[in-house]
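Report on one structure; see the data block that follows.
The values are calculated or read from the model by the stated rules, or taken from the named source; none is laboratory data. Quantities reported herein were computed from a predicted structural model and do not represent experimental measurements. Cβ coordinates were reconstructed from backbone atoms using ideal geometry, including for glycine residues, and neighbour counts include every protein chain displayed. Surface areas here come from the heavy atoms of the whole protein model, side chains and all, with no ligands, DNA or RNA. Shrake-Rupley method; radii C 1.70, N 1.55, O 1.52, S 1.80 Å.
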Amino acid sequence: MQTWDKYTRRSGLLIVVSGPSGVGKDSVLDEFSKICPDVKRCVTTTTREPRKNEIDGVDYNFVSHEEFQRRIEHGGFLEYAEFYGNLYGTPRKWVEEKLADGTDVILKIEVQGGRAVKKQMPEAVMVFLVAPSLEELERRLRSRGTEADDIIAGRLNRALAELEHIPDYQYMIVNDSVARAAEELKAVISAEHCRIKQ
Ligand code: 5GP
């Protein structure tokens, strides 16, 4: 029985999904949630203002700077990072509880956060999402219509810098079709579940 457990006991997988803003992480993850509803997405805590259509507690947990600082001091985040003047953090307790009960968890975080998670949890599965081209990424950022030109230019520059982090990741998925990218993510997770731990 002990030998059986040793090799077959299944704990949840921690899957980190990163990629430049505008690449379509939310669309791919929304589609993925439809085909794999048992994999839970972690809701990030942020000090950013909600965009229109964003729902508190669903898209993000929106908190004040003061509240965020208080949670940092209490060790409440697995990792946190500043991004364009706003803070984003992964709630530690929620993630640890889900993994312990065997639930797979997806974190949608930027590259600094991804690196911090990998350091603390080396077994995390690292997935990088890219747009088919830089021109397409710019088009997607503009079509969102929520950001001013200088912010879009900044995000494009940052996107280029983020590509340098691809070697920190194990898988790269090109988001040329949301449905296909979601299927590829599902395939990655299935393969990771079948992998024998060394
Ligand atoms: P946005 O403001 O466009 O929703 O997100 C900005 C960036 O913050 C994205 O690249 C997103 O992946 C990242 N982000 C969202 N949640 C977290 C988090 O919990 N931790 C870190 N480090 N980054 C996050």
* **Verdict on residue 103 being more than 8 Å from the ligand (Cβ to nearest atom), within 22 Å of residue 151 (Cα to Cα) and either open to solvent by less than 40 Å² (accessible area, probe 1.4 Å) or of a type in the set (Val, Ile, Thr) (or both)** => no
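Which residues, taken from the range 45-56, are closer than 19 Å to residue 112 by Cα and in a loop (DSSP other than H, G, I, E, B)?
47, 48
Restricting to the range 114-136, name every residue that is hydrophobic (A, V, I, L, M, F, W, C) and under 18 Å from the mean Cα position of the chain (by Cα).
If the condition is that a residue be hydrophobic (A, V, I, L, M, F, W, C) and under 18 Å from the mean Cα position of the chain (by Cα), then 116, 117, 121, 124, 125, 126, 127, 128, 129, 130, 131 are the ones that fit.
So which of 95, 117, 111, 127 ends up being within 13 Å of the ligand (Cβ to nearest atom), within 22 Å of residue 28 (Cβ to Cβ) and in contact with a His (Cβ under 7 Å, 6 or more places away or on another chain)? Before the answer, list the steps.
On the way: 95 fails: in contact with a His (Cβ under 7 Å, 6 or more places away or on another chain); 117 fails: in contact with a His (Cβ under 7 Å, 6 or more places away or on another chain); 127 fails: in contact with a His (Cβ under 7 Å, 6 or more places away or on another chain).
Answer to the selection: 111.
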* Which members of the range 38-62 meet the condition of being farther than 17 Å from residue 93 by Cα and over 15 Å from the mean Cα position of the chain (by Cα)? -> 38, 47, 48, 49, 50, 51, 52, 53, 54, 55, 56, 62
* **Qualifying residues in the range 58-92 (those that are within 22 Å of residue 114 (Cα to Cα), outside any strand (DSSP E or B) and open to solvent by less than 60 Å² (accessible area, probe 1.4 Å)) - the one farthest from the ligand (Cβ to nearest atom)** => 75
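The rows are residues; the columns are (1) modelled with pLDDT of 95 or more; (2) assigned to a helix (DSSP H, G or I).
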residue: 4; (1), (2): no, yes
residue: 7; (1), (2): no, yes
residue: 11; (1), (2): no, no
residue: 17; (1), (2): yes, no
residue: 21; (1), (2): no, no
residue: 28; (1), (2): yes, yes
residue: 33; (1), (2): yes, yes
residue: 38; (1), (2): yes, no
residue: 43; (1), (2): yes, no
* Just one of (1) under 25 Å from residue 47 (Cα atoms); (2) away from the ligand (no atom under 16 Å from the Cβ); (3) not β-branched (Val, Ile, Thr) trips up residue 144, so point out which. => (2)
* Single condition residue 97 does not satisfy, out of (1) among the acidic types (Asp, Glu); (2) free of Cβ contacts under 8 Å to residues at least 12 places away in the same chain; (3) in a helix (DSSP H, G or I); (4) farther than 21 Å from residue 189 by Cβ -> (4)
* Answer yes or no as to whether residue 77 is at pLDDT 95 or above and among the aromatic types (Phe, Trp, Tyr). => yes
* To do: Return the total of residues in the range 115-173 being open to solvent by 40 Å² or more (accessible area, probe 1.4 Å) and either part of a strand (DSSP E or B) or under 12 Å from residue 19 (Cβ atoms) (or both).
  => 7
* So which residues in the range 189-198 are of a type in the set (Val, Ile, Thr) and surrounded by fewer than 16 Cβ atoms within 10 Å (Cβ to Cβ), if there are any at all? -> 196
* From the list 75, 102, which residue is free of Cβ contacts under 8 Å to residues at least 24 places away in the same chain and on the phi > 0 side of the Ramachandran plot? -> 75
* **Any pair with Cβ under 8 angstrom, 6 or more apart, that starts in the range 174-191 at a residue that is small (Gly, Ala, Ser) and ends at one that is open to solvent by 20 Å² or more (accessible area, probe 1.4 Å) and in a helix (DSSP H, G or I)** => 179/31; 181/31; 182/31; 182/34; 182/35
